[in-house]
1. Would you mind finding the one in 150, 129 that is surrounded by 12 or more Cβ atoms within 10 Å (Cβ to Cβ), in a strand (DSSP E or B), within 16 Å of ligand 2 (Cβ to nearest atom) and not hydrophobic (A, V, I, L, M, F, W, C)?
2. Identify the residue in region 75-124 that is at pLDDT below 95, hydrophobic (A, V, I, L, M, F, W, C) and in a strand (DSSP E or B) and, among all such residues, is surrounded by the fewest Cβ atoms within 10 Å (Cβ to Cβ).
3. Take region 80-107 and flag every residue that is near ligand 1 (Cβ under 8 Å from one of its atoms) and farther than 17 Å from residue 60 by Cα.
4. When you scan region 134-161, how many residues do you find that are more than 13 Å from ligand 1 (Cβ to nearest atom), touching a residue at least 12 places away in the same chain (Cβ under 8 Å) and not basic (Lys, Arg)?
5. In the set 26, 40, which member is free of Cβ contacts under 8 Å to residues at least 40 places away in the same chain and of a type in the set (Gly, Ala, Ser)?
6. Taking region 36-74 only, how many residues are of a type in the set (S, T, N, Q), outside any strand (DSSP E or B) and more than 16 Å from ligand 1 (Cβ to nearest atom)?
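The values are calculated or read from the model by the stated rules, or taken from the named source; none is laboratory data. These numbers come from a predicted model, not from an experiment. Because the Cβ atoms are built from the backbone with ideal geometry, glycine has one as well, and the counts that use them run over all protein chains shown.
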Amino acid sequence: MLILEKKPFRFLELIKKAMDTMAIEAHKKGLSLEYEIDPAIAGSFSGDAFRINQVLINLIGNAVKFTHQGGVALKAMPGDQEGQVHFMVKDTGIGIPPDRLVKIFDPFAQADMSTTRKYGGTGLGTTISKQIVELMGGRIWAESKMGKGSVFHFIIRADQIKADKVETGLPVPDQKTPHFQTWPPSPGTPGRGYRGQCHSGQNTPGTPRPSHHDGL
Ligand SMILES: Nc1ncnc2c1ncn2[C@@H]1O[C@H](COP(=O)(O)OP(=O)(O)O)[C@@H](O)[C@H]1O
Ligand SMILES: [Mg+2]
């Protein structure tokens, strides 16, 4: 039985942690790994960061696993409705055939037997992700083009809270300064490592724009 916690957290730390978890694997494969967080969700929220992290790791893990060139990008932004947060995990990987895409969140569903032989896995990651997302009052879906890549979306309800340093134990985010970091430390190697970015609502001069953000 899945029970959700309610604790203060911020998406910035949550996403950076998920990125750090996946960075080595992505780097080994020569894939870019990037994130973008809308400043509108830079504040504190109350919810189950551990479970959201689990969903992110499942989706980013899949994206890295099924991508052999290009990269993976995560975007987090407010949803269409008040109190919603919308995540997108986009990859330039092998894609999912349309007849499998409709079943992708079913238990043990994998693209086909050759997928299991080649990539291993259980076919449960997406199922668990769906359960968690639905418990959070949200939904999850995917779009894909064979040979081009996939985008997994999920929307959750998330309660924004007015929390300062004392309550969360976290420094208050500076919403004016765009957060920017590169990994590995030396930037300028396209297609390797990851670029993290928390937009201030405008582009910083010289900030490299991820190429695979445009369409599938
Ligand atoms: N980003 C992706 N690109 C291509 N195929 C994917 C992607 N994510 C999921 N899939 C397909 O969906 C199946 C189910 O994913 P998942 O439930 O995480 O199981 P597992 O990763 O253990 O195989 C995968 O086996 C794969 O066929
Ligand atoms: Mg998986």
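1. 150
2. 77
3. If the condition is that a residue be near ligand 1 (Cβ under 8 Å from one of its atoms) and farther than 17 Å from residue 60 by Cα, then 100 is the only one that fits.
4. 10
5. Just one listed residue meets the conditions, 40.
6. Going through region 36-74 one residue at a time, the tally reaches 0.
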